[in-house]
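The values are calculated or read from the model by the stated rules, or taken from the named source; none is laboratory data. Given the structure is predicted, the values throughout are model-derived calculations rather than measurements. Glycine also receives a Cβ, built like all others from the backbone with ideal geometry; neighbour counts cover every protein chain displayed.
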Amino acid sequence: MQAATAEGVRVIDCGDVPTPALALASMNAGASAVMITGSHIPADRNGLKFYTPSGEITKTDEQAILGALGSSSQRLTAPRHVDAATGLAYVGRYTDAFGSEALAGMTVGVYTHSTVGRDLLMQILERLGASVVELGRSETFIPVDTEAVSPQMQSLISGWAQEHDLDAIVSLDGDGDRPLLADATGRIVPGDVLGQITGAALGAKLAVTPVSSNSGAEQVFERVMRTRIGSPYVIAGMESESGDVVGYEANGGFLLGFAAQGLSGPLAPLMTRDAVLPLVVPLMQANGRSVADVVSDQPARFTATSRVENVPTEVSLAFVSKLATNSAARADFLSALEGREASVDRTDGLRMALVDGRVAHLRPSGNAPECRFYTEAATPDAAKAALDQGIAILAKALGKEP
């Protein structure tokens, strides 16, 4: 705020709001924006997200920002006057589009932990007609990765599902742009499945999604564009197209690229990861049925994700590069997974399709010292079994055995 004021820029402090709420305010105001967030990673890796009036910045914008670092030495004291309109507009986005009866009769648990979007999420669900049960509020930051849910969190959610009579349990990551949805038994719905359900329900014809999302998308949408992993690549793909296009990632973050229609009104495009829409739409689909029923309607392709942590990036890169260039090394790795290679995709990391229909995908993380491992199979249990087996093999190969 001080730096912007020193450059003669008028600053509006939007307060503590989710990232997509800030992006919505930025677009509506025709202004740029900055989000201060730890997102889904530990607090000591806190960072910034930048927005232009059209949405998230591009890779070209990133280079321009880096090139301008240190160009101003003037400093002013910027008074803090928080504008509450940002949060209210975000709540109104969903209540106006879907109405007060969309979730009537449902009881939804909300794992609030430390996410900045917790109170707004509960407001939205209640105004859509749901009864809300708050779970696990914390005043200490908890890094919640909705793509690689920890065993401890899975156990916590399963316990709440047994303890309370809930139709579903929902949550967000730290800055509220990645959703988490669990069914009445506590089983977590993968983020890419949330994307499929949401996009199809809104009438999308084209889905842009990273190579790590499950291949059921090709059976759901008329056309699918695959990209590298990361929202800038998804946005670039969406901007290269026209028509009824949506984007989503395996972490569940959903991007709406066209003016859609809700139960009660229009829903404007929002070209940044959103976590509320891919929660609200599947819950609406489940109202009168169950979340498990809605998931069972999807193609029988399921993903699971985890990671080997505290591995230097150069170590992960070297190992993945070795597998990518050495067919014998790949064969050895897949043999330990009790599988054989059918094809290889090097769009982002190394994605290996197996002859039995499973997929194993390795990728060094772009924002943490860890190596990610993704699996895909015909059932959730098969995907999870391949994940557990693969993580053990990968940890050993990277020198991280317990």
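Going by the structure shown, is Gly176 within 26 Å of Glu370 (Cα to Cα) and touching a residue at least 60 places away in the same chain (Cβ under 8 Å)? When the stated conditions are applied, Gly176 passes them.
Can you tell me which residue in segment 13-67 is nearest to Gly117 (Cα to Cα), limited to those that are acidic (Asp, Glu) and at pLDDT 90 or above? Out of the qualifying residues, it is Asp16.
For segment 210-222, the condition of being in the same structural domain as Gly253 (by TED's automatic domain parsing), assigned to a helix (DSSP H, G or I), in contact (Cβ under 8 Å) with a residue 12 or more places away in the chain and under 24 Å from Ala268 (Cα atoms) holds for at least one residue.
When the residues of segment 177-209 are filtered to those that are part of a loop (DSSP other than H, G, I, E, B), of a type outside the set (Asp, Glu) and within 24 Å of Gln154 (Cα to Cα), which remaining residue is nearest to the chain's Cα centre (by Cα)? Quick ask: steps written out before the conclusion?
Applying the first criterion (part of a loop (DSSP other than H, G, I, E, B)) to segment 177-209 yields 177-178, 183-187, 189-190, 202-205.
After this cut, where a residue has to be of a type outside the set (Asp, Glu) as well, the list is 178, 184-187, 189-190, 202-205.
Now restrict to residues that are within 24 Å of Gln154 (Cα to Cα): 178, 184-187, 189-190.
Numbers: Arg178: 4, Ala184: 21, Thr185: 22, Gly186: 19, Arg187: 17, Val189: 12, Pro190: 10 Å.
By that ranking, first place goes to Arg178.
Of note, Ile57 satisfies the criterion of being touching a residue at least 40 places away in the same chain (Cβ under 8 Å), surrounded by 11 or more Cβ atoms within 10 Å (Cβ to Cβ) and under 20 Å from the mean Cα position of the chain (by Cα).
Meeting the requirement of 2 or more residues that are surrounded by 15 or more Cβ atoms within 10 Å (Cβ to Cβ) and of a type outside the set (A, V, I, L, M), the helices (runs of 4 or more DSSP H) wholly within segment 283-402 are 313-325, 327-336, 380-397.
Among the residues of segment 272-279, are any of a type in the set (S, T, N, Q) and surrounded by fewer than 23 Cβ atoms within 10 Å (Cβ to Cβ)? Within segment 272-279, not a single residue is of a type in the set (S, T, N, Q) and surrounded by fewer than 23 Cβ atoms within 10 Å (Cβ to Cβ).
Restricting to segment 137-153, name every residue that is closer than 18 Å to Val308 by Cα, surrounded by 14 or more Cβ atoms within 10 Å (Cβ to Cβ) and either without any contact (Cβ under 8 Å) to a residue 40 or more places away in the chain or among the small types (Gly, Ala, Ser) (or both).
We begin by selecting, within segment 137-153, every residue closer than 18 Å to Val308 by Cα; these are 143-153.
Retained after the next criterion (residues that are surrounded by 14 or more Cβ atoms within 10 Å (Cβ to Cβ)): 143-149, 153.
Once the filter is applied, which keeps residues that are closer than 18 Å to Val308 by Cα, surrounded by 14 or more Cβ atoms within 10 Å (Cβ to Cβ) and either without any contact (Cβ under 8 Å) to a residue 40 or more places away in the chain or among the small types (Gly, Ala, Ser) (or both), segment 137-153 yields Ala148, Val149, Met153.
Residues of segment 227-242 include at least one that is part of a strand (DSSP E or B) and either modelled with pLDDT of 95 or more or over 20 Å from Pro20 (Cα atoms) (or both).
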